[in-house]
Amino acid sequence: GAVVSQHPSWVICKSGTSVKIECRSLDFQATTMFWYRQFPKQSLMLMATSNEGSKATYEQGVEKDKFLINHASLTLSTLTVTSAHPEDSSFYICSASRGTTNEKLFFGSGTQLSVL
Amino acid sequence: GESVGLHLPTLSVQEGDNSIINCAYSNSASDYFIWYKQESGKGPQFIIDIRSNMDKRQGQRVTVLLNKTVKHLSLQIAATQPGDSAVYFCAENVGSSYKLIFGSGTRLLVRP
């Protein structure tokens with residue numbers, strides 16, 4: 001089955017620094033990728049839709065200047081948390097779609113971000 | 001539908017019993033629904049999906065039921081096993097956007 005790789009799986013950073021998370025589709029080309037955030041004991045909240053070669057579409061309430069998304073190729077999307085603060089600590093998950101009708105989404109294994 | 005709670009509801013079942021996990025969705029225009037299983041510290045794992053032109057779909061040990069009249073979705077797990085212990089989320093999708101909106105989730109605990 002299709003595999004989506006997410007890296008790193010766990011990162012600790014100091015407040016004020018930036019962290020980049022990568023999401024790769026390993027055996028298919030993903031025209032669309034999605035970024036979710038999940039706080040403990042809560043559901044996945046969609047942050048943004050990442051489209052290859054164009055600007056990401058952010059959900060209401062998500063700061064596009066804080067969560068920078070780049071989808072420069074059909075197999076890689078990155079999420080950069082800029083000037084991270086402790087309240088940004090969360091589990092970040094990406095998913096990818098082949099872009100064909102009725103295709104399932106494939107999820108990465110997630111990245112646990114802890115901001116000190 | 002899109003829902004965030006302070007804690008996850010928990011369903012505790014005896015090993016070997018059947019489990020039923022319920023989900024209410026909010027968008028009557030949603031036409032594709034998926035159940036995911038999420039283990040601690042991992043990404044969601046696809047279990048089963050169903051389109052709005054169906055009301056029931058069966059997989060291996062799992063069945064999804066869709067009631068569009070009351071916007072309700074359920075996941076039935078037969079002969080629940082310890083490995084089924086996880087958090088289960090329903091997700092809904094509208095049209096061809098591939099954008100999923102997740103429900104609030106249910107934690108399933110299987111007692112040996």
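Computed from the coordinates by the stated procedures, all read-outs in this text should not be read as laboratory data. Because the structure is predicted, anything quoted here is derived from the model rather than measured. So basically every Cβ, Gly included, is an ideal-geometry build from the backbone, and we count neighbours across all protein chains shown.
Structure summary
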{"quantity": "Charge dipole (debye, nearest 20) of the protein assembly as shown; +1 at Cβ of Lys and Arg, -1 at Cβ of Asp and Glu", "calculated": "80 debye"}
{"quantity": "Gyration tensor (alpha-carbon) shape descriptor, chain B, a/c threshold 1.5", "calculated": "prolate"}
{"quantity": "Efficiency of FRET from Cβ geometry, B:Asn53 and A:Ser54, R₀ 30 Å, rounded to 0.05", "calculated": "0.40"}
{"quantity": "Among the listed pairs A:Lys20/A:Lys41; A:Lys55/B:Lys71; A:Lys104/B:Lys68; A:Lys66/B:Lys99, those beyond 31 Å (Cα-Cα)", "calculated": "A:Lys55/B:Lys71"}
{"quantity": "Simple spin-label estimate for B:Ala79 and A:Trp10 in nanometres, 7 Å along Cα-Cβ", "calculated": "3.6 nm"}
{"quantity": "Zero-based 10 Å bins, Cα pair distances in chain A, whole percents", "calculated": "15, 49, 30, 5, 0"}
{"quantity": "Segment A:24-92 versus segment B:45-64: alpha-carbon centroid distance in Å", "calculated": "28 Å"}
{"quantity": "Whether segment B:42-98 is rounded, prolate or oblate, judged on the alpha carbon gyration tensor where a/c under 1.5 counts as rounded", "calculated": "oblate"}
{"quantity": "Candidates B:Lys56, B:Lys99, B:Lys68: whichever shows maximal mean-square fluctuation once chain B is modelled as a Gaussian network with Cα springs under 10 Å", "calculated": "B:Lys99"}
{"quantity": "Candidates B:Gly83, B:Gly41, B:Gly59, ranked by Gaussian network fluctuation over chain B, Cα under 10 Å, top entry", "calculated": "B:Gly41"}
{"quantity": "Extended-chain gain in nm, criterion 0.36 nm per residue less alpha-carbon gap, A:Val3 and A:Asp65", "calculated": "19.4 nm"}
{"quantity": "Given charges at Cβ of Lys, Arg, Asp, Glu: segment B:10-111 dipole, positive-most of B:Gln38, B:Asn67, B:Gly105", "calculated": "B:Asn67"}
{"quantity": "Eligible aspartates and glutamates near B:Lys37 by straight Cα distance, threshold 16 Å, same-chain separation 8 or greater", "calculated": "B:Asp49, B:Asp84, B:Glu92"}
{"quantity": "log10 of Debye I(q)/I(0), alpha-carbon scatterers only, for the protein assembly as shown at 0.11, 0.18 Å⁻¹", "calculated": "-0.55, -1.36"}
{"quantity": "Cleavage-rule hits, trypsin sites (Lys or Arg not before Pro), segment A:1-77, DSSP coil, Cβ neighbours within 10 Å at most 16", "calculated": "A:Lys14, A:Lys41, A:Lys55, A:Lys64, A:Lys66"}
{"quantity": "Length-normalised contact order for segment B:10-111 - Cα pairs under 8 Å, 6+ apart - percent", "calculated": "38 percent"}
{"quantity": "FRET E, pair A:Ala72, B:Asn27, Förster distance 25 Å, beta-carbon r, rounded to 0.05", "calculated": "0.20"}
{"quantity": "Farthest positive-ward along segment B:10-111 dipole, Cα basis, beta-carbon charges - from B:Gln58, B:Gly16, B:Ala78", "calculated": "B:Gln58"}
{"quantity": "Net dipole in debye of segment A:1-104 [+1 Lys, Arg Cβ; -1 Asp, Glu Cβ; about Cα centre; nearest 20]", "calculated": "100 debye"}
{"quantity": "Additional length obtainable on full extension of the chain from A:Lys41 to A:Ser109, 0.36 nm per residue less Cα span", "calculated": "22.8 nm"}
